1. Could you count how many residues in the stretch 255-290 are of a type outside the set (Asp, Glu) and open to solvent by 20 Å² or more (accessible area, probe 1.4 Å)?
2. For the stretch 17-41, give me each residue that is away from ligand 2 (no atom under 14 Å from the Cβ) and not polar (S, T, N, Q).
3. Take the conditions on the phi > 0 side of the Ramachandran plot, open to solvent by less than 50 Å² (accessible area, probe 1.4 Å) and within 16 Å of ligand 2 (Cβ to nearest atom) and apply them to Gly204. Does it pass?
4. Every residue in the stretch 72-114 that is open to solvent by 60 Å² or more (accessible area, probe 1.4 Å) and within 18 Å of the chain's Cα centre (by Cα), please.
5. Quick check on this structure: which one of Ile205, Ile196 is within 30 Å of Leu151 (Cα to Cα), part of a loop (DSSP other than H, G, I, E, B) and among the aliphatic types (A, V, I, L, M)?
6. If I filter the stretch 291-315 down to residues being open to solvent by less than 60 Å² (accessible area, probe 1.4 Å) and touching a residue at least 40 places away in the same chain (Cβ under 8 Å), which single residue comes out as farthest from Lys258 (Cα to Cα)?
7. Can you tell me which residue among Gly260, Gly274 is out of contact with any Leu (no Cβ under 7 Å at 6 or more places or on another chain) and modelled with pLDDT under 95?
8. Taking Cys172 and the conditions (1) of a type outside the set (Lys, Arg); (2) in contact with a Phe, Trp or Tyr (Cβ under 7 Å, 6 or more places away or on another chain); (3) more than 16 Å from ligand 2 (Cβ to nearest atom), which numbered condition does it fall short on, given that it satisfies the others?
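The values are calculated or read from the model by the stated rules, or taken from the named source; none is laboratory data. Worth saying up front: this structure is predicted, and the values here are computed from it rather than measured. Positions of Cβ are generated from backbone atoms using ideal geometry, with glycine treated the same way; all protein chains shown enter the neighbour counts. Remember, those area values only see protein heavy atoms, side chains included, never the ligands or the DNA or RNA. Shrake-Rupley method; radii C 1.70, N 1.55, O 1.52, S 1.80 Å.
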Amino acid sequence: MKQLFTENEQLKSEFKQLFGSPQKIVLTAHQNPDGDAYGSIFSLYHVLKNLGHQVYAISPTSHADYIAWMPGVNEVINFEDSLENGRAKRLIKEANVIFCLDFSALDRAKDMHTPIKESKAVKVLIDHHQQPEGFADYVYWDEKAAATCELIFCLLEDLDWLGALDKDGATCLYTGILTDTGSFKFDSTTKRVHRIAGELIDKGINPNQINRRLFDQNSFDRLRFMGYALGEKLTYLPEYRTALFSFTEEEQNKFNLKKGDTEGLVNYGLSIAGAVMSAIFIEKETMVKVSFRSVDDFSVAELSRNHFNGGGHKNAAGGRSTLGLEATVEKFLSLLPEHKEELLKQP
Ligand code: 5GP
Ligand code: MN
């Protein structure tokens with residue numbers, strides 16, 4: 001399913017007209033931004049600045065260290081920072097245009113959802129998550145896209161704006177595509193994805209450096225934590241072809257875990273031969289954060305939507321629970337028998 005406003009000539013020319021004069025623009029993405037969320041914000045940040053607009057990047061929360069090097073990050077306004085919150089609210093209120101990137105449900109913008117909803121700005125949604133909410137004026141959405149950054153490249157192509165994409169913007173787009181495809185590995189990695197990656201290389205990016213900045217920046221504590229997680233915490237249930245991990249706050253403190261340090265761990269469960277689903281449960285101050293990954297036709301987005309207040313994509317989804325860590329894991333285990341047939345029938 002997709003909805004691309006540029007396929008409608010009238011909407012496309014209306015949109016281009018809107019950007020024909022300098023606009024006050026706010027760019028935002030989902031809370032706890034990942035490579036695709038920041039890649040989306042900062043690629044457009046560079047493009048729209050190059051086109052002569054006044055642009056502000058506002059994140060609903062702070063970001064993890066592994067994306068802190070991205071070009072433009074120093075300009076980000078953290079909505080949750082009490083020193084910046086007033087300015088952020090004012091900018092959202094005064095904006096002419098707000099871009100909502102890499103999320104489709106307003107609650108993914110955490111406390112920013114109300115100011116966004118109440119702002120009179122024209123809203124533009126660019127995203128690839130399932131089941132978008134209908135809050136935007138212009139929608140550029142395709143659930144089959146590998147990354148929002150892939151869609152942004154296509155949108156720039158549709159609008160003839162690729163000339164405004166410089167090396168910094170291209171670096172941001174490549175980062176989003178790289179992280180959301182699991183380094184060009186997931187099922188969503190199409191010919192188009194590879195073509196776009198090639199075009200970004202033509203813009204002068206350095207893929208090796210981007211890879212090292214993203215993936216080779218482990219702290220010693222984090223690597224030790226990974227050893228502990230794989231050696232002592234990973235459970236595999238072959239009867240359900242399901243792997244799972246869970247971590248208390250105490251365990252996270254013991255290894256000095258920082259934001260983003262559990263990112264990617266859930267994928268290790270899925271690398272067990274025969275595994276169809278992997279789950280991770282992380283105890284936070286007020287809730288349990290849940291992440292799911294799957295292969296082939298088993299939909300973790302559906303599982304997360306139906307049972308863990310979440311959603312996402314067929315093969316990568318997340319959610320949360322207020323039941324407490326142990327009870328959340330129990331709930332997950334109790335759901336496995338009803339999904340057994342579906343889990344076992346995957347190739
Ligand atoms: P992750 O497990 O990496 O946090 O998220 C995997 C995917 O699920 C991402 O595309 C993310 O946007 C989505 N996702 C994660 N947490 C939530 C959530 O609480 N609600 C919804 N609707 N989607 C989520
Ligand atoms: Mn994404």
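1. Final tally of qualifying residues: 18.
2. Leu18, Phe19, Gly20, Pro22, Lys24, Ile25, Val26, Leu27
3. No, not satisfied.
4. Asp107, Arg108, Lys110, Asp111, His113
5. So the residue among Ile205, Ile196 that is within 30 Å of Leu151 (Cα to Cα), part of a loop (DSSP other than H, G, I, E, B) and among the aliphatic types (A, V, I, L, M) is Ile205.
6. The selected residue is Phe298.
7. Gly260
8. Status for Cys172: all satisfied but (3).
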